[in-house]
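Data first, discussion second: the structure below is written as structure tokens.
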Amino acid sequence: MALTDRVKQILSWYASENPGTQTNLVRLLNHGALTGTGKMVILPVDQGFEHGPVRSFAPNPEAYDPDYHYQLAIDSGCNAYAAPLGSLEASAVKFAGQIPLILKLNNSDTLAKVEPHSAITATVEDALRLGCVGIGYTIYPGSSGRNRMYEDLREITLEAKRKGLVVVVWAYPRGTGLSKAGETGIDVCAYAATISAQLGAHIIKVKPPTAHIEQDAAKKLYEQQNIPIATLSERIRHVVQATFGGKRIVIFSGGESKSIDDVLADVSELAKGGSFGSIMGRNAFQRPRDEALKLLAGVMKIYKDTP
């Protein structure tokens, strides 16, 4: 398949990467309903590990079965499906080659009330064995354990890039260094996106930011420079700008479960602000299949129709 000008432009931002990594970026950008647009929608299902089975799958019991998520990602036209080791292994043979896969290499649970710090639960070799295009890793800027996470990610990124894989970083600011409002504050989200880019991420996933500003020193600059952050689209534009002037792929989460109309309204603002796409888990797989397909089709249409 010939590359579109937009895909060629995006690949030019990753010119230091080897042919294997470039090829896997193309596999992501040229798969599904958004092929060639430079946009992507990814289905992530790590919630069973992160939040427990009942909180994750009881609203739609079909989702207890890993086959369900593979099929939903395929039938909806997602660019990729991301999950922890066990979920990918369970159905990898059945769905081999039908959807690009991203192996989530670290995870945590909600059973201990401690500073956020995920355990490494899979390896780059596992990703290669399963035919994945890339690996995913979560960092928690603001946690007292953040420096260890950054160091672990550095080693994982080095190995993944050597072996031609794409590196996707989930950047979730949280921990004793931040207030609850600060976890999604515009200055903190932009900072987390910058940290991810500096750590070598090809694709960065953050939450949609609020207009809250956590850091006093940052607040002065936002005011002095009149940086527009009143609307969601303005804040999205600012976060994307924070990743090398927009030369890294930045996608945003769908957040807590909400109505289809509310999700699509948020996505319209994301697209307007220059988001490269969405990574949408609970808002998709917790719905009945027909509703999930309708929602994902609506999300993809918004990205396809927004320049």
(Q) From the list Thr210, Thr176, exactly one residue is in contact (Cβ under 8 Å) with a residue 40 or more places away in the chain, β-branched (Val, Ile, Thr) and open to solvent by 40 Å² or more (accessible area, probe 1.4 Å). Which is it? (A) Thr176
(Q) Looking at segment 41-58, I want the residues that are open to solvent by 30 Å² or more (accessible area, probe 1.4 Å) and have a partner that is part of a loop (DSSP other than H, G, I, E, B) with Cβ atoms under 7 Å, at least 6 apart or on another chain. Which pairs are those? (A) Phe49/Pro84; Phe49/Asp109; His51/Thr110
**Q.** Only listed residue being open to solvent by less than 50 Å² (accessible area, probe 1.4 Å), at pLDDT 95 or above, of a type in the set (Gly, Ala, Ser) and not in a loop (DSSP other than H, G, I, E, B), chosen from Ala63, Ala33
**A.** Ala63
Q) Looking only at segment 76-126, which residues are within 17 Å of the chain's Cα centre (by Cα), closer than 20 Å to Thr35 by Cβ and hydroxyl-bearing (Ser, Thr, Tyr)? A) Tyr81
Q: State all residues of segment 158-169 that are open to solvent by less than 10 Å² (accessible area, probe 1.4 Å) and touching a strand residue (DSSP E or B) at 6+ places or on another chain (Cβ under 8 Å); if no residue qualifies, say none.
A: Ala160, Leu165, Val166, Val167, Val168, Val169
(Q) Residues that are part of a strand (DSSP E or B), under 24 Å from Ala193 (Cα atoms) and open to solvent by 70 Å² or more (accessible area, probe 1.4 Å): does segment 72-87 have at least one? (A) no
Q | Extreme residue, nearest to Ile203 (Cα to Cα), among residues of segment 234-293 that are in a loop (DSSP other than H, G, I, E, B), touching a strand residue (DSSP E or B) at 6+ places or on another chain (Cβ under 8 Å) and of a type in the set (Gly, Ala, Ser) | A | Ser275
Q) In segment 271-307, how many residues are free of Cβ contacts under 8 Å to residues at least 24 places away in the same chain and over 25 Å from Ile10 (Cβ atoms)? A) 1
(Q) Of all residues being among the hydroxyl-bearing types (Ser, Thr, Tyr) and at pLDDT below 95 in segment 254-299, which is surrounded by the fewest Cβ atoms within 10 Å (Cβ to Cβ)? Just the residue, please. (A) Ser259
Q. Among the listed residues Ser233, Ser268, Ser253, which satisfies the condition of being of a type outside the set (Val, Ile, Thr), touching a residue at least 24 places away in the same chain (Cβ under 8 Å) and within 29 Å of Ser16 (Cα to Cα)?
A. Ser253
Q: Mind telling me which of the residues Arg282, Arg235, Arg287 ends up being basic (Lys, Arg) and within 15 Å of the chain's Cα centre (by Cα)?
A: Arg282
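The values are calculated or read from the model by the stated rules, or taken from the named source; none is laboratory data. Predicted model, so just to flag it, every value in this text is computed and none were measured. Backbone-built Cβ (ideal geometry, glycine too); neighbour counts: all protein chains shown. Heavy atoms of the whole protein, side chains included, go into the accessibility calculation; ligands, DNA and RNA do not. Shrake-Rupley method; radii C 1.70, N 1.55, O 1.52, S 1.80 Å.
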